[in-house]
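Quick notes on the structure that follows.
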Amino acid sequence: MTLKRQIHLDFHCSEYIENIGESFDKKVFQKYLIEAKVTSINLFAKCHHSWSYYPTKIGRIHPNLKFDLLGAQIAACKEIGIKTFIYFTVGWSSNDAEDHPEWCVKNKDGSFIVHGALSEEEQKQKTQKLPHFYWKFMCLNTAYHDLIHSQIKELCDTYSVDGFWFDIYQVHRLCYCEKCKKSMISLGLDMGDLATVEAFNASQMKRHCSTLSTLIHEKIPKAEVFFNGTTAIDSGANFRHRMYENNTIQDLEDLPTTWGGYDKLPMQAKFFLNAGFPITAMSGKFHTDWGEFGGFKHPDALKYEAAAMIASGANCNFGDQLHPNGIIDSSTYENIAYAYNYAEQVEAYGIGGKPISKLALWRSFDQESDEGLSKILLENQIDFDVANFSKDFSEYSVLIFPSKTLLSSEEIHKVKGFIKSGGSVITLAKSLLNFTEDKVSEEFGVAYVSDSNFDCDYTLIKDALYPIFVKTPFLNYDAAIQVKPTSKVEVLADIFEPYFNRTSEHYCSHQKTPFKDTTAQHPAIVKKDKCIFIAHELDAMYHKHGARIHRDLFKNCLDLIYKNPIIEVDLPSAARINLLHQANEKRYVLHVLYSTPIRRGITSVIEDSVSLENITIAFQFPKEIKSVSLIPDKQELDILQNDSMYVVTIPRFKTHCALSFHYL
């Protein structure tokens, strides 16, 4: 099922608002969805306030709703050929929580686990201003699961739809409610061990998801089913327990203006495409976050996001929130129409494509280190793949392991085999320990000595890592682990340590202590054959501090061993590229994006679309390329040869374009 251009139509309505949905107009609803080029939509059956929007016999219809709003919306969409998905809240359900506190997720001390928690004093003051996103979490190891199961059966029996979209699954919120404690005791589990409790929590949540999925597919065999939250990074728990396995499609929710910027989607998309799933990228029309009535992104920002979604191989989904009166917001859909009109022109060159690169990043699920490395590569327009699902890494020439990587024995064996067969590896900081025996790594030619006792240190690079814009020792905000060479290696950079750590008793000037003028005994970077070890957590430091010297240092290390990229391009650091292979169409597609998000208050805003001209793209694909077309213009470009690579030139583009490389 191809979803292409989707809307997530939030409808969380308080019982204190009258005349819910009374102004819903089928013709107006249809008009704006058609004009916005919408092809599928999520419609509300039950919201975070616990109210249903259809005449349920299991749940509770909103007290101020007088008709079957869900049914009317489904019928309106079916008339105009729009696929419909039923939204159903799970993890947050406020009236259920108040009526059944025994259904709530609890801390060890019996207190509620709450998103956006209030202090005890604030909780006593009923008129106290409530924080945004204040909801109690619900436990699925209770009768609450049975209520959900019964209502989903009712919905399947009542409506013919294309799928279900369940919301708020956060496995890292560990529950110690009475029911969970009794269950863990009966299973002989150690409630003092966090990993054990997390695994139990995951098992209960997966049981719930599997039961709902089975029920739905018995009633609607071809239904898409998605459990939102199971693809989120959080603490890595979703990936440790593969919480996403019950999804038939992976929705990658990310509101980049307030959720950490525009660079989270590429790695998420590559991971799930390689896992074998179709993906949908989900953002919102809001300036900030969900539930922002009257908040708008500029149409140019929506266009950029839609293009970035397609460039990642994903369907598009923009979230909106319908006004309680049921009137669809005209400005919202005029703005989305601007984005989706463009998406319609280019989506065939993105959706369903698979990542292809000679360079692969291992996803460690430590957010800072993974995203730090990803940003370094993205800002240098170095296309990459995610290696976690590779059988033997033979499709790659270089692997990169972030500083918090923990590999299984089977994975370590695969990496060592890759190195023996001529592959190159960069490993950072303690990821080295995956490749040591008795603290010695044969592959990298060093032995682990200890962690550092210092709160920072400084790097001085050697000639092999030039050119770079700093020729004197530069600061590392966190000190390197200490290693010593054990075999013939090339030291690429040295470490200078500070005189002392900064404390209340010993300090110098405003910030970090300056460096001593003698080289430390342990190196910063070493190279053995085709493998490089970097002793610092450059990835996490770049994610947190964003120092260009760290980005340039990593790129110069990579340049020493990465000699056969498929694509080479030189663009400003705000530009992004992504390469996809569409085997059924016999083409590779390179997507190029350019815009410059501006940090403004709590948001990252896109508003200036600047044209770039005469962009040279060098390429060497596994297959012989017969022609190259500029998309969406469909202009055929001249192919020239330059040394071992072929070259085409993009004459001009604004925001986004794609190059379609056709082969026979």
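A few remarks follow.
- Every test in (1) part of a loop (DSSP other than H, G, I, E, B); (2) open to solvent by 20 Å² or more (accessible area, probe 1.4 Å); (3) more than 30 Å from Q30 (Cβ to Cβ) is passed by S357 save one, and that test is (2).
- Flag if A348 is small (G, A, S) and within 17 Å of L593 (Cβ to Cβ): no
Let's see how each residue does on (1) open to solvent by 50 Å² or more (accessible area, probe 1.4 Å); (2) closer than 25 Å to G260 by Cα; (3) outside any strand (DSSP E or B):
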| site | (1), (2), (3) |
| --- | --- |
| L571 | no, yes, yes |
| N578 | no, yes, no |
| H581 | no, no, no |
| V589 | no, no, no |
| L593 | no, yes, no |
| R599 | yes, yes, no |
| N614 | yes, no, no |
| I617 | no, no, no |
| F621 | no, no, yes |
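- Filter result for L433 (open to solvent by 30 Å² or more (accessible area, probe 1.4 Å), under 16 Å from D552 (Cβ atoms), in contact with a Phe, Trp or Tyr (Cβ under 8 Å, 6 or more places away or on another chain) and not acidic (D, E)): no
- Test: residue in the range 159-168 that is open to solvent by 50 Å² or more (accessible area, probe 1.4 Å) and either free of Cβ contacts under 8 Å to residues at least 24 places away in the same chain or within 26 Å of F24 (Cα to Cα) (or both): yes
- Filtered residues of the range 548-569 (kept if in a loop (DSSP other than H, G, I, E, B) and surrounded by fewer than 21 Cβ atoms within 10 Å (Cβ to Cβ)): Y562, K563, N564, I566
- Selection count where residues are of a type outside the set (V, I, T) and not in a helix (DSSP H, G or I), scope the range 432-446: 8
- In the range 520-547, residue most open to solvent (accessible area, probe 1.4 Å) [restricted to those that are part of a helix (DSSP H, G or I), in contact with a helix residue (DSSP H, G or I) (Cβ under 9 Å, 6 or more places away or on another chain) and over 13 Å from I461 (Cβ atoms)]: K544
- Qualifying residue in the range 410-429 (condition: more than 23 Å from P514 (Cβ to Cβ), in contact with a Gly (Cβ under 7 Å, 6 or more places away or on another chain) and of a type outside the set (K, R)): no
- Counted as qualifying within the range 256-349 are the helices (runs of 4 or more DSSP H) with 3 or more residues that are touching a helix residue (DSSP H, G or I) at 6+ places or on another chain (Cβ under 6 Å) and buried (at least 17 other Cβ atoms within 10 Å of the Cβ), namely 299-311, 330-346.
- Within the range 229-254, if we keep just the residues that are part of a loop (DSSP other than H, G, I, E, B) and free of Cβ contacts under 8 Å to residues at least 40 places away in the same chain, the residue that is most open to solvent (accessible area, probe 1.4 Å) turns out to be R242.
- Looking across F444, F454, one residue alone is modelled with pLDDT of 95 or more, in contact with a strand residue (DSSP E or B) (Cβ under 8 Å, 6 or more places away or on another chain) and open to solvent by less than 20 Å² (accessible area, probe 1.4 Å). It is F444.
- From G116, G59, residue being more than 28 Å from the chain's Cα centre (by Cα) and over 20 Å from S183 (Cβ atoms): G59
- Condition broken by A195, with the remaining ones in (1) touching a residue at least 12 places away in the same chain (Cβ under 8 Å); (2) more than 20 Å from N95 (Cα to Cα); (3) of a type in the set (A, V, I, L, M, F, W, C) satisfied: (1)
- Per this entry, S660 is counted among residues that are at pLDDT 95 or above, buried (at least 19 other Cβ atoms within 10 Å of the Cβ), touching a Lys or Arg at 6+ places or on another chain (Cβ under 8 Å) and not β-branched (V, I, T).
- Filter pass, D478 being charged (D, E, K, R) and farther than 30 Å from V592 by Cβ: yes
- Residues being open to solvent by less than 40 Å² (accessible area, probe 1.4 Å) and under 20 Å from Q521 (Cβ atoms) - total across the range 466-491: 9
- Residue list for the range 505-519, filter: modelled with pLDDT of 95 or more, part of a loop (DSSP other than H, G, I, E, B) and either of a type in the set (D, E, K, R) or at negative phi (or both): Y507, C508, H510, Q511, K512, T513, P514
- Evaluating T519 against the criteria (1) within 21 Å of M267 (Cα to Cα); (2) over 29 Å from the mean Cα position of the chain (by Cα); (3) polar (S, T, N, Q) leaves one unmet condition, (1).
- Among (1) buried (at least 23 other Cβ atoms within 10 Å of the Cβ); (2) within 29 Å of K106 (Cα to Cα), the one test that L43 misses: (2)
- Residues that are within 23 Å of G291 (Cβ to Cβ), open to solvent by 40 Å² or more (accessible area, probe 1.4 Å) and out of contact with any helix residue (DSSP H, G or I) (no Cβ under 9 Å at 6 or more places or on another chain) do occur in the range 56-66, at least one of them.
- From the options A479, A524, residue that is closer than 24 Å to N380 by Cβ, more than 28 Å from the chain's Cα centre (by Cα) and among the hydrophobic types (A, V, I, L, M, F, W, C): A524
- Unmet requirement for A387, which otherwise passes all of (1) in contact (Cβ under 8 Å) with a residue 24 or more places away in the chain; (2) more than 27 Å from H172 (Cβ to Cβ): (2)
- Candidates K26, K31 - the one that is farther than 25 Å from I220 by Cβ and open to solvent by 10 Å² or more (accessible area, probe 1.4 Å): K31
- Annotation note: Cβ proximity below 7 Å between a residue of the range 80-96 that is over 16 Å from H145 (Cα atoms) and a residue that is assigned to a helix (DSSP H, G or I) and among the basic types (K, R) (sequence gap 6+ or interchain) occurs for T84/K78.
- Flag if D146 is touching a residue at least 24 places away in the same chain (Cβ under 8 Å) and surrounded by fewer than 12 Cβ atoms within 10 Å (Cβ to Cβ): no
- Residues of the range 382-430 that turn out to be open to solvent by less than 10 Å² (accessible area, probe 1.4 Å), over 22 Å from P355 (Cβ atoms) and assigned to a helix (DSSP H, G or I), as a count: 1
- Where Y646 falls short, out of the listed (1) exposed (fewer than 12 other Cβ atoms within 10 Å of the Cβ); (2) free of Cβ contacts under 8 Å to residues at least 40 places away in the same chain; (3) not β-branched (V, I, T): (1)
The values are calculated or read from the model by the stated rules, or taken from the named source; none is laboratory data. Given the structure is predicted, the values throughout are model-derived calculations rather than measurements. Heads up, the Cβs are rebuilt from the backbone with ideal geometry, glycines too, and the neighbour counts pull from every protein chain shown. Protein only, heavy atoms only, side chains kept; ligands, DNA and RNA dropped before computing areas. Shrake-Rupley method; radii C 1.70, N 1.55, O 1.52, S 1.80 Å.
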